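Step one of this worksheet: look at the structure below.
The values are calculated or read from the model by the stated rules, or taken from the named source; none is laboratory data. Keep in mind it's a predicted model, so treat the numbers as computed, not measured. Counting neighbours? That spans all protein chains shown, and the Cβs are built from the backbone with ideal geometry, glycine included. The protein model used for the area step is the full one, side chains on, heavy atoms only, and it has no ligands, DNA or RNA in it. Shrake-Rupley method; radii C 1.70, N 1.55, O 1.52, S 1.80 Å.
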Amino acid sequence: MKVLAFTLILAVAFAIVEIPIRPVHETPEEKYAHFKRLQILKQLSAGTTDVELTNYQTAQYYGPIQIGTPPQNFLVVFDTGSSNLWVPSRSCTSIACMRHNRYNHTASSTYKANGTAISIEYGSGGVSGYLSQDVVTWGGIKIPSITFGEMTALVGTSFVVSKFDGILGMAWQAISADNIPPVYQSMFKLGVLPSDSFAFYLTSTDNAAGSALTLGGYNPNYTKGDWHYFPLLQDTYWRISIDSISVNGVKIAATGIQGIVDSGTTALVGDKKIVDLINAKIPAVSQTCANLSKLPVVTVTIGGINYPLTGTNYVIQITSDGQTECDNGWMGMDFPEQLKNVVILGDLFIRTYYAYFDYGGNRVGFSTAV
């Protein structure tokens, strides 16, 4: 894994903290391989239905944290689709663990043993180990007594080839394994952030720097200021009600649609019966991207506010060896019953609309990204 440089911008106490984040798939080869994987997923969409939402986290953004005293460095995915923090344990000797930074609790003076077994399943594998407690440093802020997973087994090829060491979940405690409080909630209780909220800004240009996770609010430099806020349906995922979805102004014949705003999902993944209705109105996307400007506008209406997505917004474009390939980013999946009528508003949506996650207000906000 090549060395990555990260710059943390930390203001004085009681101010927002901004952390630059980078995509897991950085090189042209990695992006192209991921692009092909998405195409295969679309062909295999009639697979198992008992998967968790985290099954679809295929292009997360990641950044640095430290655990322990003295601090041990880790790169973690910042994931609004899950709620636990975990990193590999020093005692894990599998290939997946050996290729990443591993937590050594014997080297930390602030470590406290817990030992409770923990296991988390993902669509591409699973992780298991035990709980430990230590200080976590995030954005320069030390957060004491954080309970996290010290994983002794990482099963699945995705963990072997990944650039990140672990995952830091930013959803709600209700879906946290063992009901462990999310790290961000413990961080806010320290009283060093002005708001119990955070925001994701994702650049839309390939290989462009500038993607950022802002803790304690949002950065006005990333938005055109046209904010609208929507209440959560429940404190689990960042789940909201969607009024309707239309293609070139014509609503699809679906009601009761819900949206989950997920920083860990590349595409616009949804309940197959809903996405099939959308894709029936979208012509085949040219692999050479020749018809991007001719594709219809798909509008997601939330709380009476229209969020239009042009072909350029919802089509995945990957450049490799000087050639660009395109594929439709609307992907239908056979979701489990608890995700019935759900559409995941992933990175393609967040790149277009700056996303604000408000724990304190139990709401999500969107504004046109600059």
When the residues of region 187-210 are filtered to those that are crowded, with 19+ Cβ neighbours inside 10 Å and among the hydrophobic types (A, V, I, L, M, F, W, C), which remaining residue is nearest to the chain's Cα centre (by Cα)? Phe200
Just one of the numbered conditions (1) in a loop (DSSP other than H, G, I, E, B); (2) surrounded by 15 or more Cβ atoms within 10 Å (Cβ to Cβ); (3) at pLDDT below 95 is not true of Thr93; which one? (2)
Has region 178-191 got at least one residue that is aliphatic (A, V, I, L, M), over 29 Å from Ile318 (Cβ atoms) and assigned to a helix (DSSP H, G or I)? yes
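Under 20 Å from Arg363 (Cβ atoms), of a type in the set (Phe, Trp, Tyr) and under 17 Å from the mean Cα position of the chain (by Cα): which single residue out of Tyr229, Tyr237 fits that description?
Numbers: Tyr229 fails: under 17 Å from the mean Cα position of the chain (by Cα).
Exactly one residue qualifies, and that residue is Tyr237.
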Identify, please: which residue in region 237-257 is surrounded by fewer than 17 Cβ atoms within 10 Å (Cβ to Cβ) and modelled with pLDDT under 95 and is, among those, farthest from Val275 (Cα to Cα)? Thr255
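Considering only region 300-329, state which residues are closer than 15 Å to Arg351 by Cα and either touching a residue at least 24 places away in the same chain (Cβ under 8 Å) or not in a helix (DSSP H, G or I) (or both).
Val300, Tyr307, Pro308, Leu309, Thr310, Gly311, Asn313, Tyr314, Val315, Ile316, Gln317, Gly329
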Go over the candidates Leu292, Leu213, Leu268, Leu277 one by one and state the one that is hydrophobic (A, V, I, L, M, F, W, C), more than 29 Å from Thr147 (Cα to Cα) and under 18 Å from the mean Cα position of the chain (by Cα). Leu268
Checking Phe148 against (1) under 15 Å from Asn84 (Cα atoms); (2) surrounded by fewer than 17 Cβ atoms within 10 Å (Cβ to Cβ), only one condition comes out false. Which one? (2)
Check Gly81 against each of (1) assigned to a loop (DSSP other than H, G, I, E, B); (2) open to solvent by 20 Å² or more (accessible area, probe 1.4 Å) and name the one condition it does not meet. (2)
Here's a check for you: in region 154-168, which residue that is open to solvent by 30 Å² or more (accessible area, probe 1.4 Å) and either assigned to a strand (DSSP E or B) or among the β-branched types (Val, Ile, Thr) (or both) is nearest to Ala113 (Cα to Cα)? Val155
Are any of the residues in region 268-275 more than 20 Å from Gly303 (Cα to Cα), free of Cβ contacts under 8 Å to residues at least 60 places away in the same chain and of a type in the set (Lys, Arg)? yes
Tally the residues that are of a type in the set (Val, Ile, Thr) and assigned to a strand (DSSP E or B), restricting the search to region 218-245. 3
Select from region 278-299 the residues that are among the hydroxyl-bearing types (Ser, Thr, Tyr) and assigned to a loop (DSSP other than H, G, I, E, B) and write down the one among them that is least open to solvent (accessible area, probe 1.4 Å). Ser286
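Condition check: open to solvent by 20 Å² or more (accessible area, probe 1.4 Å), at pLDDT 95 or above, within 17 Å of Val160 (Cα to Cα) and not aromatic (Phe, Trp, Tyr). Does Asn55 satisfy that? Working first, answer last.
Working: open to solvent by 20 Å² or more (accessible area, probe 1.4 Å): yes; at pLDDT 95 or above: no; within 17 Å of Val160 (Cα to Cα): yes; not aromatic (Phe, Trp, Tyr): yes.
Answer is no for this residue.
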Flagged pairs (Cβ under 9 angstrom, 6 or more apart or on separate chains; first in region 356-370, on the phi > 0 side of the Ramachandran plot; second modelled with pLDDT of 95 or more and surrounded by 19 or more Cβ atoms within 10 Å (Cβ to Cβ)) are Asn362/Leu232
Of all residues in region 102-142, which are surrounded by 22 or more Cβ atoms within 10 Å (Cβ to Cβ) and closer than 18 Å to Thr69 by Cβ? Tyr103, Ser132, Asp134, Val136, Trp138, Gly139
Within region 330-370, work out how many residues are of a type in the set (Gly, Ala, Ser), open to solvent by 10 Å² or more (accessible area, probe 1.4 Å) and part of a strand (DSSP E or B). 2
Number of the condition not met by Ala174 [criteria: (1) more than 15 Å from Asn84 (Cα to Cα); (2) outside any strand (DSSP E or B); (3) in contact (Cβ under 8 Å) with a residue 40 or more places away in the chain]: (1)
